[in-house]
Amino acid sequence: MTDMNALLEPGNLVRHPERPDWGVGQVQSNIAGRITVNFREAGKVVIDGNRIALEPVFET
C-alpha cells in the first residue's frame, strides 16, 4: 500500500479514497510515511501512509 504513497511529493494532488467529501488535496510533505495534505474541504490533515493509499489526481 505504501508504494504509491512513497512517490508522493509536495505539490502533488491527491484524493482520500474513503473521504471523497474532502475534495482534492495538495501534498505538503511526505516524511517517513506520514503525509500532510491540505484538502480543499477539510483543511490540513496528516495521513498515515501505511494505512491509507492516497489516490493521485492528474488535472489538466
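The values are calculated or read from the model by the stated rules, or taken from the named source; none is laboratory data. A quick note: this is a predicted structure, and the numbers were derived from the prediction, not measured. When we count neighbours, we look across all protein chains shown, and the Cβ atoms used for this are built from the backbone with ideal geometry, even at glycine.
Scanning for something under 9 Å from the mean Cα position of the chain (by Cα), surrounded by fewer than 15 Cβ atoms within 10 Å (Cβ to Cβ) and in contact (Cβ under 8 Å) with a residue 12 or more places away in the chain, does region 2-20 turn up at least one residue? No: zero hits. Checking region 41-50 against the condition returns no match, with no residue being out of contact with any helix residue (DSSP H, G or I) (no Cβ under 9 Å at 6 or more places or on another chain), surrounded by 13 or more Cβ atoms within 10 Å (Cβ to Cβ) and aliphatic (A, V, I, L, M). Looking at the structure I just gave you, is V37 under 16 Å from E59 (Cβ atoms), within 10 Å of the chain's Cα centre (by Cα), surrounded by 13 or more Cβ atoms within 10 Å (Cβ to Cβ) and not small (G, A, S)? Judged against the criteria, V37 is a match.
The set of residues in region 17-27 being in a strand (DSSP E or B) and more than 18 Å from D3 (Cβ to Cβ) consists of G25, Q26.
Quick grid of which residues meet (1) modelled with pLDDT of 95 or more; (2) aromatic (F, W, Y); (3) part of a loop (DSSP other than H, G, I, E, B):
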position	(1), (2), (3)
M4	no, no, no
E9	yes, no, yes
V14	yes, no, no
S29	yes, no, no
I35	yes, no, no
K44	yes, no, no
I47	yes, no, no
N50	no, no, yes
P56	yes, no, no
